Amino acid sequence: MRKIKKLFSFVNKRLLRKAFILLMVLSIYVPGFLSYLPQNSAPVLAATQTYTSQADFMAGKYEFNEIDPLSSAGDIQLQADLGNWDASAPAYLNHNVNTNTKLIRVGNFLYAFRNRQLGQFVRYDLSTREWKEMAYTPDQPYEVIDATSNHTDTIWAFATRSGRKHFLKYYVPTDTWTYLDTTPLTLTQGSTLQYVAPNYVYAFQGGGTSFWRYNITNNAWSQLANAVATCTNYCSLEYDGSQYMYLATDAGAPDGFFRYDTINGGVWVAQTSMPIDGAMNYGSDLIKAGSSYYVMRSAGTNTFYKFTAGTWTTVRNVPFVTTYGSMAYDDANNQLIVMGGVGELAYYYPATNTWSNPMTGPPANGYQTANAITSDGAGNIYMCRGQTTTTCYKYVIATDTWTATTVATGTLGTGTSLTYVNSKLYTTRGATANNIYSYDGAA
């Protein structure tokens, strides 16, 4: 029995010794082995997705009415990212806006009447600098286009032919037009209107002194006492936001400027007349910015007027010549937005009397030419207008100034082309002629 106990004792010691050695080996090699096995990672939250409403979807950009957002949402697919161009200035529409147009700001968007034959209505996104085609006006606008807005969700407009009484409302959230109560008398080219919060739209018939007020709640026009001021062909109303409404009109010599009290009896008071006879034209909108009022003369010029504290002054010229066009105010960024007759846009900053376009355009436009602009390589640029004129300009980059050169020897027409060689400017006459003229740039 004693021998058996000794045997077990000996075996137990050997087993314990081997177990100890095994544990030591495992403590060295097992952690390394485990590092190769899949590890448990920290919990990761699932990605979240916010779904927009149908109204948000409707407010998106779908070009040229190619997609019906009400019934074919599934047809819209993301395009491949092919890159993009960037620019510091606003994006031009690059289409003519014709004689009568109007630019209206609603929130972060600008709305404009573009094509008077078709009633085309477009929208510009101030953030993305993109244009979008909206619902066309239900009537063919031609001589009569003017509009006003509450700047949140509604635009009221005259957009029709002369001799009609159509009055329209555009509701921004649904992109829809509706006819409202017809005007008391037929409209003419000089018709203009202005929203006065919270419930009225004031309007001139145009071509005279007939003055009306529209009650938004009742959808009804009423005839007011004829104005002291006359609104003829080019007129624009603007409200100061509290009490007074101003009228700029081409009636009078120089053009007239009047103030109307919307609270105390509706009294008209003549203000300081505009700087010249002819200050108001196709592209002339009266727009309030801060405590001042601005007017773009248009009429083939780049003249820009400002009215402050009873005095008219001429401020820095529009960067491009305008004949047609319109203007709106972006109060969030304290900038005026000017649209020219071929859809060009520029921002004017009242605080600094500067424009978004760093360079001033030529005094008059040119078109139907070939290479109509060239450089002498010494800081000067030359341009000829063509259009059967003899007019050419020299632009000095350092001073941002344009001056007319000596007139060309003959009229320059379609296909006129310029080049600068050996200190001389050369131009072809164009218009099927074979003449070539030279000009000494130093002269």
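Just so it is clear, none of the values below were taken in a lab; they were calculated from the coordinates. Remember, it's a predicted structure, so these values are computed and weren't measured experimentally. Reconstructed Cβ throughout: ideal geometry from the backbone, glycine too, with neighbour counts over all protein chains shown.
Here are a few things to note about the model shown:
- Site pair GLN368 and ASN219 shows an inter-label distance of 4.9 nm when each label is modelled 7 Å from Cα along Cα→Cβ.
- Here the simple spin-label model places points 7 Å from the Cα toward Cβ, and for SER356 and ALA197 these points are separated by 2.5 nm.
- Neighbour net charge for LEU93 - beta-carbon separation under 12 angstrom, K R +1, D E -1: +1
- Contact order for region 90-355, expressed relative to its length and based on alpha carbon pairs under 8 Å spaced 6+ residues apart, stands at 14 percent.
- Proximal charge balance of GLN368 [Cβ under 15 Å; K/R count +1, D/E count -1]: +2
- Separation between Cα centres of region 385-415 and region 87-107, rounded to whole Å: 27 Å
- Förster radius 60 Å - calculated FRET efficiency between ASN380 and TYR179 (Cβ-Cβ, nearest 0.05): 0.60
- Take the Cα of THR390, step 7 Å toward its Cβ, do the same at ARG129, and the gap between the two points is 4.1 nm.
- Cα centroid of region 127-171 to Cα centroid of region 417-442, whole Å: 47 Å
- 20 Å cut-off, amide nitrogen to a point 7 angstrom out along THR323 Cα→Cβ, residues in region 107-131: 113-118
- Farthest positive-ward along region 90-355 dipole, Cα basis, beta-carbon charges - from SER191, LEU286, VAL315: SER191
- Taken as Cα centroids, region 315-369 and region 219-280 sit 25 Å apart, rounded to the nearest whole angstrom.
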